[in-house]
1. Rounded if a/c is under 1.5, else prolate if a/b beats b/c, else oblate: with a ≥ b ≥ c from the C-alpha gyration tensor eigenvalues square-rooted, which is region 60-113?
2. Kindly state, to the nearest 0.05, the FRET efficiency for E51 paired with E15, given R0 = 35 Å and r defined as their beta-carbon distance.
3. Determine ³J(HN,Hα), in whole Hz, for all residues of region 375-383 in sequence, where each value follows from phi through the Karplus function 6.51 cos²θ - 1.76 cosθ + 1.60 and θ = phi - 60°; x replaces Gly and Pro.
4. Could you tell me which of rounded, prolate or oblate describes region 244-354, using a ≥ b ≥ c as the square roots of the eigenvalues of the alpha-carbon gyration tensor, with rounded for a/c under 1.5 and, failing that, prolate when a/b is larger than b/c and oblate otherwise?
5. Report the full-extension gain for the segment A338 to H60: residue separation times 0.36 nm, less the Cα-Cα distance, to one decimal in nm.
6. With every protein chain left in place, what is the accessible area per residue of region 94-194 in square angstrom, probe 1.4 Å?
7. Per residue, how large is the accessible surface of region 11-87? Use a 1.4 angstrom probe and give square angstrom.
8. Working out 0.36 nm times the residue gap between I268 and R241, then minus their Cα-Cα distance, what length gain in nm do you get to one decimal?
Amino acid sequence: MPKTFDLSRSLAALEQDSTLIVVIEMSQSSWLVGGMVPGVERQPLKKISAEATGLLALVHRWRGEAERAGRPIRRIAVAYEAGRDGFWLARWLHARGIEAYVIHPNSVAVSREHRRAKTDRIDTALLMRSFLGWLRGEPRHCQMVAIPTAEEEDARRPNREREGLVGERTRLVNRMKAALIRFGIRTFKPTLRKAQERLAGLRTAEETPLPPETLAELGRDMARLRLVREQIKAIETARLRRLEQARSQSEGPHAMVRLLARVLGIGIETADMLVSEVLSRDLRDRRAVARYAGLTGSPDESGQRRREKGLARAGNARVRRGMIQLAWRFLIFQKDSALAQWYRARTADGRAGTRKTMIVALARKLLIALWRMVTTGEIPQGLKLRPAA
């Protein structure tokens, strides 16, 4: 029996004579809207400005055309590909009584020609065919993306902002070190507390002060670095405050973060990332969890020939990077766990290639184990936990 959150096919029967079907090919300045209007032989195609009100007016106009043709509309289904605009339009349409779906771009089959034609009109027709197959209930015809609420999207922002700030901090530090190396200075550390005070006293390899423009540039970089570090600290402080305020909650994302943070080797940052990005989602089973993280393989099989092309990388890149890093850390902090023993048994030959391949398998198994832990309370065998605070 299909589950209610199975997004691989529609669970409602399609009555095409009373259903207005609309697809949107979205760009930054304009939208190309295609429709299948019951009672109208042509398939209308209209380019409009990127405005929801214009889209709604167009849908109501097509609905009027169908009713004038003697086909009263009882259902309106709209779909577009996931992209830069996110999910606000789907939520906006839902609030106005219109079914809205977001199609996973990688699930739409495209031509395998070496130089295939690609235009907005062709893409719109392709979306319409894929959406029609999904509405008819054909399994795996295309895949829909679960539409998060505004609150769920907002909960991901602190972790993603911190990730960007950490990257910016690294770029600033590397840029300052590169500027100093040009003058033979290799021992200066921009991250020290009194680094800015020491800038004026630096001497080049020729025992001369730093040139004034270089010194001014380094001073501005130090000011940016200080601001970035303050913003990172503010995000971390606010997160800890939210967790403290939600300490009485025994369920929900905050409870998941507190439970994961008890695992040796997992800190608050990793726990928050995993919960906000993957573990708090209503995923169907363990295969869906691994697939969402992009930790599944991509086999290439034809006849007797079979080879693995590596990770599919079609899922959440943040989760994939974080889990592979966590898998290496897990081997240090959880040496006696069943998962660590499984990894050591598979990599007993000591080859570097085997270890790198199997660490991905460990990351996949570990993610599934953590998902079961926060959803069902099943503690992985041999896992060491910190005492509950």
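The values are calculated or read from the model by the stated rules, or taken from the named source; none is laboratory data. Just so it is clear, the model here is predicted, and its values are computed rather than measured. Cβ coordinates were reconstructed from backbone atoms using ideal geometry, including for glycine residues, and neighbour counts include every protein chain displayed. For the accessible areas, the whole protein counts, side chains as well, though only heavy atoms, and no ligand, DNA or RNA atoms are used. Shrake-Rupley method; radii C 1.70, N 1.55, O 1.52, S 1.80 Å.
1. oblate
2. E(calc), rounded to 0.05, equals 0.70.
3. My calculation for region 375-383 gives 9, 10, x, 6, 7, x, 4, x, 6 Hz in order.
4. Verdict is oblate for region 244-354.
5. Result: 94.2 nm gained on full extension.
6. Accessible area per residue: 66 Å².
7. 50 Å²
8. Working: separation 27, 0.36 × 27 = 9.72 nm, distance 1.22 nm.
Separation in residues times 0.36 nm, less the Cα-Cα distance, equals 8.5 nm.
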